[in-house]
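Notes follow once the structure below has been shown.
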Amino acid sequence: MRGETKKQGQLFSYVALEERVPEAHPLRRRKVRPHVACIDRRKIAGLDRRTTRHASYWLSQMKRKLVEQTFGWVKTVGGLRKTRFIGPEKTELAAHFNCAAYNLLRVAKLVPA
């Protein structure tokens, strides 16, 4: 590089959970717990044993895995990682077809042979 090198700041900025969701948020009053993935050996502000000890947290993590699997299938097998259609209407239609195909695969696995 030419000239002076100046630091532009940190590469990543970590924001605490309390800063992302303010105390006055309506979900806080309903005592909704945050949906943050727990990663081994990594400190995440606002995510400790008080959150991860509940059965609802682990149920939420299992549902999250199902959603991620669906998106992964649609992007890899369904071919929606990079769309080949112009316009949101055609892209949305392709996404509907992909999700319908994924649902048919799931139903086929549920039916006994």
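For the stretch 41-53, how many residues meet the condition of being surrounded by 12 or more Cβ atoms within 10 Å (Cβ to Cβ) and at negative phi? Talk me through it step by step, then tell me what you get.
Of all residues in the stretch 41-53, those surrounded by 12 or more Cβ atoms within 10 Å (Cβ to Cβ) come to 44-47, 51-52.
Among the residues that remain, those that are also at negative phi are: 44-45, 47, 51-52.
Within the stretch 41-53, residues that are surrounded by 12 or more Cβ atoms within 10 Å (Cβ to Cβ) and at negative phi number 5.
Would you confirm whether any residue within the stretch 21-31 is in contact with a Ser or Thr (Cβ under 6 Å, 6 or more places away or on another chain) and either at pLDDT 80 or above or not aromatic (Phe, Trp, Tyr) (or both)? Write out each step before concluding.
Our first condition is that a residue be in contact with a Ser or Thr (Cβ under 6 Å, 6 or more places away or on another chain); within the stretch 21-31, this holds for none.
No, the conditions are met nowhere in the stretch 21-31.
Residue under question is Thr76, and the condition is that it be within 18 Å of the chain's Cα centre (by Cα) and either farther than 22 Å from Arg20 by Cα or outside the structural domain of Val21 (by TED's automatic domain parsing) (or both); does it hold? Outline the logic, then answer.
Working: within 18 Å of the chain's Cα centre (by Cα): yes; either farther than 22 Å from Arg20 by Cα or outside the structural domain of Val21 (by TED's automatic domain parsing) (or both): yes.
Answer is yes for this residue.
Quick grid of which residues meet (1) part of a helix (DSSP H, G or I); (2) touching a Gly at 6+ places or on another chain (Cβ under 9 Å); (3) exposed (fewer than 13 other Cβ atoms within 10 Å of the Cβ); (4) outside the structural domain of Arg20 (by TED's automatic domain parsing):
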position	(1), (2), (3), (4)
Leu59	yes, no, yes, yes
Glu68	yes, no, yes, yes
Ile86	no, no, yes, yes
Lys90	yes, no, yes, yes
Leu93	yes, no, yes, yes
Tyr102	yes, yes, no, yes
Lys109	yes, no, yes, yes
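Within the set of pairs 6+ apart or on separate chains, which have a first residue in the stretch 84-108 that is modelled with pLDDT of 90 or more, a second that is exposed (fewer than 11 other Cβ atoms within 10 Å of the Cβ), and C-beta atoms under 8 Å apart?
Hits for this filter: zero, empty list.
The values are calculated or read from the model by the stated rules, or taken from the named source; none is laboratory data. Keep in mind the model is a prediction, meaning the values are calculated, not measured. Positions of Cβ are generated from backbone atoms using ideal geometry, with glycine treated the same way; all protein chains shown enter the neighbour counts.
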